[in-house]
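Shown next, in structure tokens, is the structure this report addresses.
The values are calculated or read from the model by the stated rules, or taken from the named source; none is laboratory data. Since we're looking at a predicted model, the values are computed, not measured. Methodologically, a virtual Cβ is constructed for each residue, glycine included, from the backbone with ideal geometry; neighbour enumeration extends over all protein chains shown. Ligands, DNA and RNA are excluded from the accessible area calculation, which covers all protein heavy atoms including side chains. Shrake-Rupley method; radii C 1.70, N 1.55, O 1.52, S 1.80 Å.
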Amino acid sequence: MKKKLLTLLPLLLVPFIINACNSNKTSLTYGTYIESDASSLKELSCTELKNKTTEDKEVFLLAVYQDKYSDDCLCWNTFKNVIANYTNTYHEVVYTFNAYNQDESIKQLKIEKREDSTPLLYVFSGEKLVVKFSYADNQDKAIFEDVKGEAMNARVHRKVNKPTMYYIDEDYLENNYSKAEPLCLLFFRSACGDCKYVIPNVIIPYINQHQLKSNLLLCDIQKQYEEARKAGASEEEKAHYQELKDKYGLSEKGDAIFGYQNGVVPTVQYVKNGRLEDASVYFNDTVDKKDDGSFYISNSYYSEERLPHLKHLKNMSTDKAVLKGKEIKNGIISNQKGGYYWSQEEASKAHRPLLEAFFDYYLL
């Protein structure tokens, strides 16, 4: 697998000019540089599908099968292999869904439920249907039969552009982190509340509003986090999560300038020649109460000491760029341990301009 991954970097770094040429088309939200096969395709639950369409308003590909009618169907099994090859060749995420699992919460999507094995391919932009392809339609049949995925690629991209966010894994990092070509990396955890806030509320809207010249790589470290904390975890599994954060400069131990505490997410980095050159941390501030009853940020990634190293904030006033020490007047919430934290809605008013400045500097 690593040998395959080494060939992906040139594709990743090609300037994203498709949107500039096809500004009337929307772009897929997620791509992937993680290898796939027919048995590892991500199947969505009804709740997940609802969230993608109504809350996250994602633009995505959805391959639909017909429950038991598809069990022994050659056409569906063939299409799963088409999807896997398409994903590995064109690096775009394709989800699957059982048409018989839908309930009232997604009835507005009008996903076709059939009493035969006909597979379908939908492209959604939020709740809006961009295009639908059916194996039952002769002009669409090649999409479901061309195992190389070439027919699918041609038809899909008449309607949507390629994504600019791509999932990666540790294998990709291992093979590409030290290369000369620059990387813009978002480290996150899929179950992290702060990450689940910033991606749909800040990052996706930013991408939709700009024509990016570079891609954003997404490294989900949720699996490593869970392995370190599971019952019966080995010493190696317990240590690996922190070692990963140290290795890639998320922690202060890993990088004294751009690391923060023991390593937090969401963190975005700019890396060149294997060297961490800049970073941005969303949320993760510490809130304390003064003797006079007022609240302030007692610790933040954005301190006066770190500010001179943050190139993307060189044109921002210190008043906006430094959060440590600031008084907080709104959005204070008590936690169960007797402490306090800043609400995401209020904290985002301070953090959003900082992250967008990072994207302006490195992605545009």
Filter the range 181-197 down to residues that are more than 16 Å from residue 222 (Cα to Cα) and open to solvent by less than 20 Å² (accessible area, probe 1.4 Å), then give me how many there are.
2
Does residue 82 satisfy the condition of being among the aliphatic types (A, V, I, L, M), in contact with a helix residue (DSSP H, G or I) (Cβ under 8 Å, 6 or more places away or on another chain), buried (at least 21 other Cβ atoms within 10 Å of the Cβ) and not in a helix (DSSP H, G or I)?
no
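Listed here are the residues, each with its yes/no results for (1) among the aromatic types (Phe, Trp, Tyr); (2) within 20 Å of residue 165 (Cα to Cα); (3) touching a strand residue (DSSP E or B) at 6+ places or on another chain (Cβ under 7 Å).
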position: 47; (1), (2), (3): no, no, no
position: 72; (1), (2), (3): no, no, no
position: 105; (1), (2), (3): no, no, no
position: 118; (1), (2), (3): no, no, yes
position: 125; (1), (2), (3): no, yes, yes
If you go through the range 87-94 one residue at a time, do you hit one that is open to solvent by 20 Å² or more (accessible area, probe 1.4 Å), at pLDDT 95 or above and more than 28 Å from residue 218 (Cβ to Cβ)?
no
For the structure I just gave you, tell me whether residue 341 is assigned to a strand (DSSP E or B), out of contact with any Gly (no Cβ under 6 Å at 6 or more places or on another chain) and not β-branched (Val, Ile, Thr).
yes
Does the range 152-180 hold any residues that are out of contact with any Phe, Trp or Tyr (no Cβ under 7 Å at 6 or more places or on another chain), crowded, with 19+ Cβ neighbours inside 10 Å and either under 21 Å from residue 38 (Cβ atoms) or free of Cβ contacts under 8 Å to residues at least 12 places away in the same chain (or both), and which are they?
156
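Residue-by-condition table, conditions (1) at pLDDT below 95; (2) in contact with a Pro (Cβ under 8 Å, 6 or more places away or on another chain); (3) loosely packed, with under 15 Cβ neighbours inside 10 Å; (4) part of a loop (DSSP other than H, G, I, E, B):
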{"position": "5", "(1), (2), (3), (4)": "yes, no, no, no"}
{"position": "10", "(1), (2), (3), (4)": "yes, no, yes, no"}
{"position": "14", "(1), (2), (3), (4)": "yes, no, yes, yes"}
{"position": "19", "(1), (2), (3), (4)": "yes, no, no, no"}
{"position": "31", "(1), (2), (3), (4)": "no, yes, no, no"}
{"position": "34", "(1), (2), (3), (4)": "no, no, no, yes"}
{"position": "39", "(1), (2), (3), (4)": "yes, no, yes, yes"}
Could you check residue 229 against (1) open to solvent by 60 Å² or more (accessible area, probe 1.4 Å); (2) closer than 21 Å to residue 300 by Cβ and say which number it fails?
(2)
Being closer than 23 Å to residue 203 by Cβ and surrounded by 15 or more Cβ atoms within 10 Å (Cβ to Cβ), is that true of even one residue in the range 232-243?
no
Applying the selection to the range 285-303, what residues are in a loop (DSSP other than H, G, I, E, B) and over 30 Å from the mean Cα position of the chain (by Cα)?
290, 291, 292, 293, 294
So which of 68, 50 ends up being open to solvent by 10 Å² or more (accessible area, probe 1.4 Å), in contact with a helix residue (DSSP H, G or I) (Cβ under 6 Å, 6 or more places away or on another chain) and of a type in the set (Lys, Arg)?
50
Please go through (1) modelled with pLDDT of 95 or more; (2) on the phi > 0 side of the Ramachandran plot for residue 352 and return the number of the only condition it doesn't satisfy.
(2)
Where residues in the range 206-226 are open to solvent by 20 Å² or more (accessible area, probe 1.4 Å) and within 24 Å of residue 353 (Cα to Cα), which of them is nearest to the chain's Cα centre (by Cα)?
220
Somewhere in the range 285-308, is a residue buried (at least 20 other Cβ atoms within 10 Å of the Cβ), in contact with an Asp or Glu (Cβ under 7 Å, 6 or more places away or on another chain) and within 23 Å of residue 165 (Cα to Cα)?
no
Take residues that are aromatic (Phe, Trp, Tyr) and either over 15 Å from residue 29 (Cβ atoms) or within 17 Å of the chain's Cα centre (by Cα) (or both) and tell me which of the helices (runs of 4 or more DSSP H) falling wholly in the range 108-205 contain 1 or more.
141-145, 170-176, 193-198
Please find, within the range 314-334, the residue that is surrounded by the most Cβ atoms within 10 Å (Cβ to Cβ) out of those that are out of contact with any helix residue (DSSP H, G or I) (no Cβ under 7 Å at 6 or more places or on another chain) and part of a loop (DSSP other than H, G, I, E, B).
324
Output the residue which, of all residues in the range 335-349 that are without any contact (Cβ under 8 Å) to a residue 24 or more places away in the chain and small (Gly, Ala, Ser), is most open to solvent (accessible area, probe 1.4 Å).
338
Being more than 18 Å from the chain's Cα centre (by Cα) and open to solvent by 40 Å² or more (accessible area, probe 1.4 Å), is that true of even one residue in the range 259-266?
yes
